[in-house]
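See below for the structure under consideration.
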Amino acid sequence: MPPLIHRFDPPERFVTGTVGPPGGRTFFLQARTGTRLVSVSLEKQQVAALAERIDQLLDEVMAGGATEGVVPAVAPLALEDSAPLDQPIEEEFRAGTMTLSWDPDDDRVVIEVFPFTEAAVVSPDQLDEDLEEPEPDEVFLVRLPAGTARAFVKRAERVLEAGRPSCPFCGNPIDPDGHLCVRANGFRRRDP
């Protein structure tokens, strides 16, 4: 059976956002067109990697001149989105593998998100084996113009920065009640 494809080409809105307090946030990718809304949960590190890679991809396209259209160097102000995630937030699936590419035919960033499956997890002793990737049941496919992709990156950076502050000594997150810092000889630091 072919996979269910949640396709947005382009979406009216494509953002990342969170639900929950810092330290207990759940991250989501969300696309909307009209009344159709798809939300996919993912890890904070996946949001950071996706935003960083989109930015790099657009920089490469800009430098290579491989496009007829305009690729903005920064997010256009008119496309800035700081609104909360659309409601209701119903997780379609948890993100596993993600792919990213540039479609030069219509100057679009193409993002594919596949569900996490235990079958796709490879242990170190299986690295030399010829394993077959399981076919996904669903795919979240989003095609974005360059300006919208830059706006996604800018919002993702703001969402990532809105979490718990980092300890200036060890870099670990500081909870509201402080944390045990290994670089400060194990003393608990508290904010005043």
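Just so it is clear, none of the values below were taken in a lab; they were calculated from the coordinates. Everything numeric here is computed off the predicted structure, so don't read it as measured data. Because the Cβ atoms are built from the backbone with ideal geometry, glycine has one as well, and the counts that use them run over all protein chains shown.
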Exercise for the section: Could you list, in sequence order, all residues of region 1-28 that are of a type in the set (A, V, I, L, M, F, W, C) and over 14 Å from the mean Cα position of the chain (by Cα)? Expected result: MET1, LEU4, ILE5, PHE8, VAL19
Exercise for the section: Could you pull out the residue among ALA73, ALA49 that is assigned to a loop (DSSP other than H, G, I, E, B), surrounded by fewer than 16 Cβ atoms within 10 Å (Cβ to Cβ) and not β-branched (Val, Ile, Thr)? Expected result: ALA73
Completion exercise
When ALA63 is run through (1) without any contact (Cβ under 8 Å) to a residue 60 or more places away in the chain; (2) assigned to a helix (DSSP H, G or I); (3) buried (at least 17 other Cβ atoms within 10 Å of the Cβ), the failure sits at (3)
Exercise for the section: Look at ARG13 and say whether it is closer than 24 Å to ASP107 by Cα, basic (Lys, Arg), touching a strand residue (DSSP E or B) at 6+ places or on another chain (Cβ under 6 Å) and surrounded by 16 or more Cβ atoms within 10 Å (Cβ to Cβ). Expected result: yes
